[in-house]
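Here is the structure we will look at, set down as structure tokens.
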Amino acid sequence: MYIRKPIALSVALVFLLGWLRSADAANLVAKVHLDPQNLYGDEVHFDVHRAGEKVGFHRARFRTEGPFLYVDTEFEIEIDFLIFTAYRFAYQSRSRWTDGTLSALEVEVDDDGTSFRLDAADDGNGFTVNSSNGSVKLETPLYPTNHWNAAVLDQKRVLNTLTGQINDVAITPVERVLVETERGEISATHYVYSGDLDTEVWYDDEGRWVKMRFKARDGSTIEYVCRRCQGPASDRTGN
């Protein structure tokens, strides 16, 4: 009897913690603006580090034209060995969003000389993805692996923009931490992707993407460090 009570209490606490974390994620998703310029201004920009050394950058720029939001993304890594470039990766994409829903996407990748292309569009009957790896028809709404949009936290399947395939994922909040940004330390929630993707992502309380970390193919750690992720000072509501 005295053994079962602590066990029952532990189970109850674990259940409550899981419920609270799910509620936090749902609240964060509900806060996401249809226009990311309300969150980031015209861009979100990260320095990319490998094993503690800066090796590249990731930048997403936002603009609106009529009812459409366009997001232009660049991601580049260059790893040097002595005086030579040992590895280079370059990624460019343009996505079009309508009322918070992805409606078109173009991607070009140069993976150290190996090219990959992707073109995708919503034709009203689903999302058609044509890429270097073939074609696939997908249901909408669809979220790509670009991370600036925290609404992805509510999803179980995402479009991998490096392969053109759908990845099944579970995105779980694990802890609250302080993250360094261009405006000093801010409180953020740490989320972990599991399943077809192994990635860690951090968002602040307003849904801003503020950090990311994942393992490269060679086993090294790639980490995104915020250069600009908090938006213009005039738009700050305080974190």
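Rule-based calculations on the coordinates, nothing more; no lab input. Owing to the predicted nature of the structure, the values given are computational and were not obtained by experimental measurement. Here the Cβ positions follow ideal geometry from the backbone for every residue, glycine too, while neighbour counts run over all protein chains shown.
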message = If I take every Cα pair under 8 Å that is 6 or more residues apart in the stretch 4-235, average their sequence separation and divide by the length, what percent do I get for the relative contact order?
response = 18 percent
ask   = Along the stretch 125-131, what does the Karplus equation 6.51 cos²θ - 1.76 cosθ + 1.60 (θ = phi - 60°) give for ³J(HN,Hα), rounded to whole Hz, x for Gly and Pro?
value = 10, x, 9, 9, 10, 10, 9
task = Find, among the trypsin sites (Lys or Arg not before Pro) in the stretch 144-202, those assigned to loop by DSSP (not H, G, I, E, B) with at most 15 other beta-carbon atoms within 10 angstrom.
result = 156, 183
query = Within the stretch 4-235, how many lysine pairs that are 8 or more places apart, or on different chains, have C-alpha atoms less than 27 Å apart?
reply = 7
request  = Might you report the magnitude of the Cβ-based charge dipole of the stretch 72-157 about its Cα centre, with Lys and Arg at +1 and Asp and Glu at -1, to the nearest 20 debye?
outcome  = 340 debye
key: Cα pair count fraction exceeding 33 Å, expressed as % - the stretch 4-235   = 19 percent
key: Longest to shortest principal axis, alpha-carbon extents of the stretch 52-139, angstrom   = 52, 30, 19
